[in-house]
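Inspection log for the structure reproduced underneath, given as structure tokens.
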Amino acid sequence: MFTKDLIEDLSSNSLEEHIHKKIEEIQKKDKEINSFITLNIEDAQNSSKEIQKKIDKGIQGKLSGLAISIKDNIAVSKLRMTCGSKVLENYIAPYDATIINSIKKEDGIIIGKCNMDEFACGSDGTSSYFGPTKNPRNIDYVPGGSSSGSAASLAAGFTDLSIGSDTGGSIRCPASFCGVYGFKPSYGLVSRYGLSDMAMSLEGPGPFAKDTYGIALLLDIISGKDPRDTVTVESSKSYTKTVENFKDQDIKNLKIAYAKEFFEGVDEKIKNIILDKISKLESEGAKIEEVSLPNIKYAIPIYYLVVFSEFSSAMSKFDGFKYGHYVGGQDIVEAVSNTRETSMGIEVKRRVLLGTFITMEEFRGRWYTKALKARSAIKEDFKRIFNSYDLLIGPTMPTLPWKIGERISDPLSMYSSDILTVSANLAGICASSQPVGEAKGLPVGLQLHADSLCESKLLKGMRAVELACGGI
Ligand code: GLN
């Protein structure tokens, strides 16, 4: 297991050297990739010295000095937190998010804050105020979004692990496009305290890694009940054990459903790669059956109606008065309007305006209330499937990464790329993406879903796929 071996190597080799090499790589190559907005070099170097001392005494935490990059919508005390926006260009976070606290306690080294689509609104990493992130596999292509820098910094080798957030696919999409592992935990498993909210009923932070073990390791550390986020639940914190104890034999006990709707309109090359992996799992003994998710076709309109509504409410705090960019005016209305006009990007403005419109008293019944009802129908679809199956399998993205700039002025084509990822968020269940091949030299991700709080099943599925793809 790659991440496990890395930790073992660090206990016999120099951690300072390891962190030094990462920093050197970033300084050499990130001008091109643009995966970081803020680096944490001095602090990372100092931490590596401190943690090295702990390693020498054998008292280091579970992360043992691994380098971790953090999406820039998660608060790391004393570091700039921009959310990829001019609105928060100079904002310094005054405290650590709960998950950052947990990472620091286990001796993870925060190497920097990652580029992202502005306020996490986007699917390709090109809407950041700090410029687009490029895909390390081919810099002419998008890395996926919105956690673009998290996935790209990992794929480029600048970090050992990363943290992103997923509201409608923002971990799984860039994981798929950059060829790394990404995991969207069940709603409530990981604390959102210190995450700048985009759509509070859909989202949460989650890990990126180079293998299933790395995902499980971060999940053990960041999951669990947090009094500061009342939707959180207890966690078993035994995810690394699940992965370590996985036996080839376990594949035979997996009941996996595949929904034909997940393959409609999907690029033929992607489809063939995923179908090939499905037959591989089947030949190794997993039970695979076809099922139907009849309401999945409504997922995009439902998701965007909910997102616009919750997002416009979440953004109301960015008026420039308490913090962030501020431009005055003759009165409060003009001041807020000037502030927002000059600091928010086009996609953010679009969502604030649409969200305000659809939640107006006279229109609410027409769209928002209907969307909430239809959201329950999607939840029911998944419930029915997980009554009989452990996992649901399919592609993560319907297409390969596209060229930078290709979809930026076409919001509908950008939204449609989320078709396979948003329903997991609507249902609050867990889902993952992992690299299983490539087409035209670009990575292809396979997506697994499991029922809410069934992360152990999901990790078993990921491990089964990882082994089926020749992983160690
Ligand atoms: N692409 C989706 C959107 O733009 C998902 C974003 C996310 O998960 N943060 O809303």
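Derivation of every value follows stated rules applied to the coordinates shown; laboratory data play no part. Source: prediction; values computed, not measured. Note that we place each Cβ from the backbone using ideal geometry, even for glycine, and neighbour counts take in every protein chain shown.
Evaluate the distance, in nm, between pseudo-label points positioned 7 Å from the Cα of Asp276 and of Lys403 along their respective Cα→Cβ axes.
2.7
Checking the table Lys57/Lys241; Lys22/Lys53; Lys113/Lys379; Lys247/Lys297; Lys280/Lys373; Lys113/Lys373 against a 29 Å threshold on Cα-Cα, which pairs fail?
Lys113/Lys379; Lys247/Lys297; Lys280/Lys373; Lys113/Lys373
Apply the Karplus curve 6.51 cos²θ - 1.76 cosθ + 1.60, θ = phi - 60°, to the phi angles in the range 412-419 and return the couplings in whole Hz, x for Gly and Pro.
5, 5, 5, 4, 5, 5, 8, 3
In the neighborhood of Asp72, defined by Cβ-to-Cβ distances under 9 Å, what is the net charge if each Lys or Arg adds +1 and each Asp or Glu adds -1?
Net local charge, Asp72 excluded: +3.
Using only helices, what value at 222 nm comes out for the chain when you add -39,500 (n - 2.57) per DSSP H run of length 4 or more and divide by the total residues, to the nearest 500 deg cm²/dmol?
-12500 deg cm²/dmol
As an exercise, use a Förster radius of 30 Å and the Cβ-Cβ distance of Glu25 and Glu244 to find the FRET efficiency, rounded to the nearest 0.05.
The value I calculate is 0.55.
Gain in length, Ser376 to Ser388, computed as 0.36 nm per residue apart minus the alpha-carbon separation, to one decimal in nm?
Result for the pair: 2.4 nm of gain on full extension.
Given the peptides 231-237, 441-447, arrange them by the average over their residues of other C-beta atoms within 10 Å, most packed first.
Sorting 231-237, 441-447 by mean packing, highest first, produces 441-447, 231-237.
May I ask you to list the GluC sites (Glu not before Pro) in the range 342-412 that are in a DSSP loop and have at most 15 other Cβ atoms within 10 Å of their Cβ?
Answer in residue order: Glu361, Glu362, Glu406.
Just for the chain, what percent of DSSP beta bridges are antiparallel, to the closest 5?
Close to 65 percent.
Which residue, Phe183, Gln434, Phe386, has the largest displacement toward the positive end of the dipole of the chain when charges sit on each Cβ (Lys, Arg +1; Asp, Glu -1)?
Result: Phe386.
Could you rank the peptides 271-281, 74-84, 323-333, 155-165 by their average count of other C-beta atoms within 10 Å per residue, with the highest value first?
155-165, 74-84, 271-281, 323-333
If you place +1 on the Cβ of every Lys and Arg and -1 on the Cβ of every Asp and Glu, how big does the dipole about the Cα centre of the chain come out, in debye to the nearest 20?
Using Cβ point charges on Lys, Arg, Asp and Glu, the chain gives about 500 debye.
List the extent of the Cα atoms of the range 62-130 along each of their three principal axes, largest first, rounded to whole Å.
Result for the range 62-130: principal-axis Cα extents of 35, 25, 16 Å.
Just the Cα atoms of the chain, one point each, no solvent: what log10 I(q)/I(0) does Debye give at q = 0.06, 0.10 Å⁻¹?
So the normalised log intensities are -0.24, -0.68.
Along the charge dipole of the chain, pointing to its positive end and built from +1/-1 on Cβ of Lys, Arg, Asp and Glu, which listed residue (Leu88, Pro443, Leu458) has its Cα farthest out?
Leu458
Suppose each label sits 7 Å from its Cα in the direction of the beta carbon; what would the Glu234-Cys469 distance come out to in nanometres?
Here the answer is 3.4 nm between the modelled labels.
For the range 34-168, restrict the atom set to alpha-carbon positions and state the Rg and Dmax in Å.
According to the Cα coordinates of the range 34-168, Rg and Dmax are 14.8, 46 Å.
Relative contact order of the range 167-271, please, whole-number percent, based on alpha carbon pairs below 8 angstrom and at least 6 residues apart.
22
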